[in-house]
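See below for the structure under consideration.
The values are calculated or read from the model by the stated rules, or taken from the named source; none is laboratory data. This one's a predicted model, so the numbers in the text were calculated from it and none came from an experiment. Virtual Cβ from ideal backbone geometry, glycine too; neighbours counted across all protein chains shown. Side chains are part of the model used for accessible areas, which takes the heavy atoms of the whole protein and leaves out ligands, DNA and RNA. Shrake-Rupley method; radii C 1.70, N 1.55, O 1.52, S 1.80 Å.
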Protein chains: 2
Amino acid sequence: MARKRDDDSKTNCAVEASLGVIGGRWKGVVLYWLLKGTHRFGELRKRLPNCSQRMLTLQLRELEEDGLVKRTVYAEVPPRVEYELTAFGRSLEPVLMGLREWGEKYKRRLQRAA
Amino acid sequence: MARKRDDDSKTNCAVEASLGVIGGRWKGVVLYWLLKGTHRFGELRKRLPNCSQRMLTLQLRELEEDGLVKRTVYAEVPPRVEYELTAFGRSLEPVLMGLREWGEKYKRRLQRAA
DNA sequence: CTGGATCCTAGTTGATACTG
DNA sequence: CAGTATCAACTAGGATCCAG
């Protein structure tokens, strides 16, 4: 989804604001894994095999901008970069869990239909 | 956001599945209003002034396909079409409320930052 | 009134190659 | 390892016109 902050900020529906933040193609999953603990960039790549490196970088940068994720660069060789949730990011936990539960329901429904 | 059902169904993360369904640019808001009751097409248009007629139609069709929304056409002149949530659609209520609450928090945060 | 069909553009994404 | 740069391709979305 495109980020259209102007539109989002103009709207009076907070649901839209939330989806603007976590609605990106891969953000939900990234947040979901980070909820389980700190991850290095390469670890996240393994978690999201269908997400290109470029996209993962972009999505992480946006999450960082929104204050949900903290990025820590270690001055080592080879380089190491770790991502973790901020306190604000962790405040999304109940929402993400709700999404996950409903997603399970949805998937079960799809199976019955098939 | 683009709909990539194949990817979504392949993933084992249910969060992604949920966002695939409600993550569309306008779906969250549409669902939010339908939660408050049945709406005619024109009423929804007024609720979403920034959403073009075409987009609203497309998003409603997808929600209908996903079994969240029921579309009722009345054989009248002028035509009348009403949209309402299905039982399955209403099962999203707690999730949407969670999104709304978090969105409020996020917006307050933005204000403090500014 | 509620859309469907078509055309068109801007923005998004993937593939690939390169770098500190 | 963890990115950035660049280019090509795709697609979402707007505008407009038509129809039951």
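Charges at C-beta only: +1 for Lys and Arg, -1 for Asp and Glu. How large is the resulting dipole of chain A about its Cα centre, in Debye rounded to 20?
600 debye
What pairs in B:K46/B:K105; A:K105/B:K46; A:K46/B:K105; A:K107/B:K107; A:K36/B:K36 have C-alpha atoms more than 29 Å from each other?
A:K105/B:K46; A:K46/B:K105; A:K107/B:K107; A:K36/B:K36
How far, in degrees from 0 to 90, does helix B:93-113 lean away from the longest principal axis of the Cα atoms of chain B, to the nearest 10?
Helix B:93-113 sits at roughly 50 degrees to that axis.
Which residues' amide hydrogens lie under 5 Å from the amide hydrogen of A:R80, considering only partners 5 or more residues apart or on another chain, with H built in the peptide plane?
Amide H to amide H, under 5 Å and 5 or more residues apart or across chains, A:R80 pairs with A:Y74.
Inter-copy label distances at A:R45, 7 Å along the Cα→beta-carbon direction, one decimal in nm, shortest first?
Between copies, matching label points for A:R45 lie 4.9 nm apart.
With chain A treated as a Gaussian network of Cα nodes joined by springs under 10 Å, which of A:L60, A:L31, A:L99 yields the largest mean-square fluctuation?
A:L99
Taking amide H positions as placed 1.01 Å from N in the peptide plane, with prolines and chain starts having none, which residues 5 or more places from A:R40, or on another chain, fall under 5 Å of its amide H?
Amide H neighbours of A:R40, under 5 Å, 5+ apart: A:Y83.
How much accessible surface does A:W26 have with a 1.4 Å probe, in Å² rounded to 10?
20 Å²
Of A:K70, A:K46, which has the most accessible area with a 1.4 Å probe, and how do the rest follow in descending order?
If we order A:K70, A:K46 from most to least accessible, we get A:K46, A:K70.
For segment A:9-76 and segment B:36-114, compute the distance between their C-alpha centroids and round to whole Å.
Using only Cα atoms to place each centre, the spacing works out to 26 Å.
Can you show me the helix-derived [θ] at 222 nm for chain A, built from DSSP H runs with n ≥ 4 at -39,500 (n - 2.57) apiece and divided by the number of residues, rounded to the nearest 500. Mind dumping the intermediate values first?
Values: 7 runs with 69 residues, N = 114.
Here the helix-only value at 222 nm equals -17500 deg cm²/dmol.
In a Gaussian network model over chain A where Cα atoms closer than 10 Å are linked, find which of A:E64, A:E82, A:E101 has the largest mean-square fluctuation.
A:E101
With Cβ to Cβ distances under 13 Å as the rule, what net charge do the other residues near B:G98 carry (K, R +1; D, E -1)?
Details: positive: A:R100, B:R100, B:K105; negative: A:E93, A:E101, B:E93, B:E101, B:E104.
Every neighbour counted, the sum reads -2.
For chain B, modelled as a GNM with alpha-carbon contacts under 10 angstrom, which of B:R40, B:R25, B:R54 fluctuates the most?
Comparing B:R40, B:R25, B:R54 in the GNM, the peak value goes to B:R54.
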